[in-house]
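The values are calculated or read from the model by the stated rules, or taken from the named source; none is laboratory data. Just so you know, these numbers come straight off a predicted model, no measurement behind them. Positions of Cβ are backbone-derived with ideal geometry, glycine not excepted, and every protein chain shown enters the neighbour counts.
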Amino acid sequence: MTELTLEKETVFVENPSHFFKMPKEYQDLVIRQMMVHTEGELSGADDYIEIFYKMAPNAYEKQICCERGAEEVHHYIRGQELLRDIGVDSTYMLETNLKDRDLYGTEAVKDIRSWPERALFSYLGESAVLDQLMEMAESSYKPIADMAIPVIKEEKVHVAHGFRITREYCSTEEGKALIQEALERWWPISLDVFGRSNSKRSELYVKWGLRKYSNEEARQRFIEHTAPRLEELQLVVPDHKKNRKYL
């Protein structure tokens, strides 16, 4: 459980009954955060099945795509249940085509062109999402924290799998060149996962204890723990502002 001192008040929201007694600003932020997260998990399932499965180089990797897709659907179900308990229906997402979902942007994922890019999607893109889940595990809204903990365990496996593929490519000069080319595209995409640096909503999330860090603080933390691992693979980390969408 996490407690937050906010303007001399302790904010800790135990359950939906307590949630409905909170200010509208808090309620709106929780709903927005969970709608984005829940749609993102469902889209993640579609990414694995509709995109990665088809390009997987062997039966083992196809099996992994199916397993990861099933886990992402389970993550969606956990988010759907949390939202249901606060009066929000997210089941419509199941009938919405991947290309029509607009809460959690996946344009870059839909345009993944190679298996090295798929590797960096999991190693970098899902690692950025994992960082956000780690913040949610300390949420002032207890149901979010409870939901995030088991999801984190599975997302760590996703990231590790992406790193393994990346490391295997980097074991040869030819493979490392392919990863370096993919990195030029996926580094700015991964940094943009954290959103705009001047986001007022991210400041409100921090204010209410729904997140620990602002968008830019979270982005810098990601850079600090990810860039050295890339350099250990003898990769060149691109400029942090090059080709960025959200600055």
Selected residue [over 19 Å from Glu155 (Cβ atoms), of a type in the set (A, V, I, L, M) and touching a helix residue (DSSP H, G or I) at 6+ places or on another chain (Cβ under 8 Å)] from Leu124, Leu98: Leu98
Check on Asp85, of a type in the set (D, E, K, R) and more than 18 Å from the chain's Cα centre (by Cα): yes
Subset of the range 186-205 [crowded, with 18+ Cβ neighbours inside 10 Å and of a type outside the set (Gly, Ala, Ser)]: Trp186, Trp187, Pro188, Ile189, Leu191, Asp192, Val193, Phe194, Tyr205
Residue list for the range 120-143, restricted to those being polar (S, T, N, Q), part of a helix (DSSP H, G or I) and touching a residue at least 60 places away in the same chain (Cβ under 8 Å): Ser127, Gln132
Filter result for the condition that a residue is farther than 18 Å from Val129 by Cα and crowded, with 16+ Cβ neighbours inside 10 Å, over Leu233, Leu210: Leu233
Scope the range 76-116; condition in a helix (DSSP H, G or I) and either touching a Pro at 6+ places or on another chain (Cβ under 7 Å) or closer than 18 Å to Tyr141 by Cβ (or both); matching residues: Arg78, Gly79, Gln80, Glu81, Leu82, Leu83, Arg84, Asp85, Trp115
Any chance Gly175 is surrounded by 14 or more Cβ atoms within 10 Å (Cβ to Cβ) and in contact with a His (Cβ under 7 Å, 6 or more places away or on another chain): no
Residue that is surrounded by the fewest Cβ atoms within 10 Å (Cβ to Cβ) [pool: residues in the range 213-230 that are of a type in the set (Gly, Ala, Ser) and under 24 Å from Asp146 (Cα atoms)]: Ser214
Qualifying residue in the range 33-42 (condition: polar (S, T, N, Q) and over 30 Å from His18 (Cα atoms)): no
Check on Val236, over 20 Å from Glu126 (Cβ atoms) and among the aliphatic types (A, V, I, L, M): yes
Close pairs from the range 43-56: first closer than 19 Å to Val129 by Cα, partner crowded, with 19+ Cβ neighbours inside 10 Å and among the acidic types (Asp, Glu), Cβ under 6 Å, at least 6 apart: Gly44/Glu72; Ala45/Glu72
Checking Asp89 against (1) buried (at least 18 other Cβ atoms within 10 Å of the Cβ); (2) touching a Leu at 6+ places or on another chain (Cβ under 8 Å); (3) more than 30 Å from Glu168 (Cα to Cα), the condition it does not meet: (1)
Helices (runs of 4 or more DSSP H) lying entirely in the range 144-246 (those with 1 or more residues that are acidic (Asp, Glu), at pLDDT 95 or above and in contact with a Pro (Cβ under 6 Å, 6 or more places away or on another chain)): 173-192
